[in-house]
C-alpha cells in the first residue's frame with residue numbers, strides 16, 4: 001500500500017514539473033513575440049506637429065524609419081486631408097562613440113477638408129523581407145478661429161500661399177478646330193516676401209482632344225510682370241502648342257509642382273546695426289495651375305469645298321515641274337508643296353494625276369516645320385518622279401488645294417495651272433504614227449487628216465459556204481478551248497498583282513535600266529553621267545534591299 005502511494009506521488013511530481021516547464025516555454029515565447037513587435041514598432045514611427053487643429057490650419061506628419069535597409073515606403077491614404085506639400089525625404093546617418101544611428105524620414109504637410117475626428121492610418125514599409133507598419137494617429141479638427149492680419153503675417157505657410165502663384169496663360173480660349181493655340185505656365189512671386197529656391201514638376205498637364213507639341217526651355221530666366229495688379233517676378237516653366245482635334249468644351253488638366261521657398265514673415269524690426277529685418281523660414285508648398293476650359297468652335301459648313309481635307313491656317317500652294325521638254329524614258333520631277341503657317345503636321349497633300357504614257361513613282365516626302373508659340377510654320381512637299389514612255393505631248397491636270405483661314409473665318413481654294421510635258425523624241429505609242437490617242441492626252445503631229453469623199457467598190461466572188469465548214473467548227477470550239485487558258489492566265493496575273501514586292505522590284509529595275517542607258521549615252525559628260533548612274537543605283541538598291549528612299553543610308557545598307 002505504501003509502495004502504491006509513493007508511486008502515485010512520484011507521478012504527480014513528474015507532471016507538476018512538466019507543467020512548470022511548459023509554462024516557462026509559453027512565457028518565453030510570448031516575451032519574444034512581444035519584443036519583436038516592440039522592435040518593429042521602434043523601427044517605424046509616425047509623429048504629428050499637433051493632434052488638434054482648426055479648419056484653416058495645417059499640420060505636419062513625419063514617418064521615421066530608424067533601421068537601415070528598410071525600403072518600399074507606402075504612405076497611408078490621407079482620405080480626410082489634402083496634401084499641401086510632400087513628401088519631403090531626408091536621411092541621417094551618425095556614428096558616435098562606436099554607436100551607429102540611422103534615420104530615414106518622409107514628411108507631409110496636410111490641410112483638413114472638414115471638421116471631425118479622423119484617424120490617419122499606418123504607413124507601411126519592408127524591412128528584412130517583412131512588412132512593417134507605423135502607428136496610427138487620431139486627429140481632431142475643430143472650427144477654425146478667424147486670424148487677424150498680424151497672425152496671418154506671422155504664419156509662414158500663409159505668407160507663401162499669398163505671394164507665390166502658378167498660372168496657366170492660354171493664348172486663345174475660343175479657337176476653331178485645327179487652329180493653333182499655346183499654353184504658357186508661369187510661376188509668379190512677390191520677391192519682397194517670398195523667393196522660390198527649388199521647384200519640381202509633380203504632375204504634367206493632360207490635353208485630351210488636342211494634338212500637342214512641347215517647346216523645350218533651356219534655362220529659367222527671371223522676368224518682370226504684373227499679376228493681380230501687383231508688380232512681380234516670374235519664370236516661364238513650360239510652353240505647349242496645342243491644336244484642337246474636335247469641337248466642344250475641352251478641359252486642360254492642371255500642371256502641379258512642388259516648390260521650396262524662403263519666406264519672410266512677422267513684423268519688421270531693426271537689428272543691432274539699424275537694418276530692417278524679418279523672420280525667415282523655408283516652406284514647402286504644392287501649387288496647381290488650376291483647370292482651364294477651351295471652347296472649340298466647329299468649322300463652318302457653309303462654303304466648305306468638297307476637296308477640303310482639314311488644313312487650317314494661312315498657306316500658299318504650288319505644283320512645279322523641273323523639265324517641260326524631255327526625251328522618252330528621260331525623267332522629270334514634279335513637286336507638290338504647301339507653305340505657310342498652320343496645322344502643317346496634320347495636312348495630307350493632294351495627289352497629282354498623270355495620263356497614260358507617263359510612268360509615275362511613289363513620291364518622296366520632305367518637310368521643314370518649326371514649332372513656335374505662334375504655331376507651326378514652314379513647308380511640306382511631295383516630289384514625284386515622272387518618266388514618259390513615248391513621244392508626244394502630255395497634260396498633267398490642274399491640282400487644287402483648299403484650306404480654312406481662321407482670321408477671315410472663310411475657306412480658300414488655290415488652283416494650279418496644268419503642266420504640259422513635251423516629248424519630241426521617242427517611239428510612238430502605237431505602230432501607226434498617224435493614230436491619235438486623244439483619250440490619253442497624247443497628241444501626235446497628224447491631229448487633222450483629209451476626209452475621203454469617193455470610194456471604189458469591188459465585186460465579191462462567191463466561194464465555198466462558210467457555214468458547216470472546217471473553219472466554222474474550229475472557230476465554234478475555240479472559245480471553249482480558250483476558257484482553261486484564260487483561267488490559267490488570269491490566275492497568273494492575280495499572283496503577279498499580289499506580289500507587291502516583286503512589282504516594286506520590276507518597276508525599279510526597269511527604271512534603273514533606263515538610267516543606265518542614259519548613263520551610257522553620257523559617257524563623255526562627267527556630271528550628267530554620274531547623275532544618271534546615281535539614279536540607277538538608287539532604284540536598284542530600293543528594289544534589291546526592299547527599303548524606301550527615306551531609309552537609304554550607308555549604315556542601313558551595310559547592316560542589311
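The values are calculated or read from the model by the stated rules, or taken from the named source; none is laboratory data. This one's a predicted model, so the numbers in the text were calculated from it and none came from an experiment. As a convention, Cβ positions derive from the backbone with ideal geometry for all residues, glycine included, and neighbour counts pool all protein chains shown.
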Q) Of all the strands (runs of 3 or more DSSP E) wholly in the range 291-351, which have at least 2 residues that are touching a helix residue (DSSP H, G or I) at 6+ places or on another chain (Cβ under 9 Å) and closer than 21 Å to residue 414 by Cβ? A) 313-321
Q: Starting from the range 520-539, keep only residues that are more than 22 Å from residue 384 (Cβ to Cβ), then list their pairs with residues that are modelled with pLDDT of 80 or more whose Cβ atoms are within a distance under 8 Å, requiring at least 6 positions of separation or different chains.
A: 522/529; 523/529
Q. With (1) surrounded by fewer than 10 Cβ atoms within 10 Å (Cβ to Cβ); (2) over 55 Å from the mean Cα position of the chain (by Cα); (3) assigned to a helix (DSSP H, G or I) as the list, and residue 467 as the residue in question, which single condition is left unmet?
A. (3)
Q. Do we find that residue 132 is touching a helix residue (DSSP H, G or I) at 6+ places or on another chain (Cβ under 9 Å) and assigned to a strand (DSSP E or B) in this structure?
A. yes
Q) Can you name the number of the only condition in (1) surrounded by fewer than 18 Cβ atoms within 10 Å (Cβ to Cβ); (2) within 30 Å of residue 533 (Cβ to Cβ); (3) in contact with a strand residue (DSSP E or B) (Cβ under 6 Å, 6 or more places away or on another chain) that residue 327 fails? A) (3)
**Q.** Breaking point among (1) modelled with pLDDT under 85; (2) surrounded by 15 or more Cβ atoms within 10 Å (Cβ to Cβ); (3) farther than 13 Å from residue 44 by Cβ, for residue 145
**A.** (2)
Q) Does the range 224-233 include one or more residues that are under 22 Å from the mean Cα position of the chain (by Cα) and either loosely packed, with under 15 Cβ neighbours inside 10 Å or within 30 Å of residue 310 (Cβ to Cβ) (or both)? A) no
Q) Just for helices (runs of 4 or more DSSP H) wholly inside the range 471-560: which have at least 2 residues that are surrounded by 13 or more Cβ atoms within 10 Å (Cβ to Cβ) and either assigned by TED's automatic domain parsing to the domain that holds residue 383 or under 38 Å from the mean Cα position of the chain (by Cα) (or both)? A) 500-521, 526-545
Q) What strands (runs of 3 or more DSSP E) lie completely within the range 163-232 and have 1 or more residues being under 30 Å from residue 411 (Cβ atoms)? A) 164-170, 181-189, 210-215
